[in-house]
Amino acid sequence: MVAIEIPDELAAQASRIPELQERVIRFIKMEVERHDSRQKRFRPDTIDLVARAKLGAEVRRAAGFDRSQVANKLKESWDELAADGGE
C-alpha cells in the first residue's frame, strides 16, 4: 500500500467525511483510467511536448513570470491600437 501525505489540518477536517477512503479510491481509479486513456490517445512525442511545456511554465512561474500581467499588457496595447483606429 502506498501512503499519500496529507497536511495535518486537512486530515483532521477530512476525518469528518463518511466513506472518505472509498471515495478516494474511486477517484484514484478514475484518474488512472483517464491517464491510460490519454496515453493511448496521444503519441509519445505529443505527451513529451506537453510535459516539457508544463516544466517550462513552472520554471517561468518560479522565476516570477506573471501570465495575468502579460495578458493585461497585451490587452492595454490592443485597446490603444483600437482607440487609434488601427493606424
**Request:** Mind ranking 37-43, 4-10 by how tightly packed they are, going by the mean number of other C-beta atoms within 10 angstrom, highest first?
**Result:** 37-43, 4-10
**Prompt:** Quick one: net charge of V59's neighbours, Cβ under 15 Å, K/R +1, D/E -1?
**Reply:** +3
**Asked** What is the helix-to-structure angle for 20-41, meaning the angle in degrees between its Cα long axis and the longest Cα principal axis of the chain, kept from 0 to 90 and rounded to the nearest 10?
**Response** 50 degrees
**Fill in**
Total charge of the residues flanking R41 in space, meaning their Cβ is under 15 Å from its Cβ, with Lys and Arg +1 and Asp and Glu -1, is 0
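Bear in mind that the values in this text are calculations on the coordinates, not laboratory data. Predicted model, so just to flag it, every value in this text is computed and none were measured. All Cβ positions, even for glycine, are placed from backbone atoms using ideal geometry, and neighbour counts span all protein chains on display.
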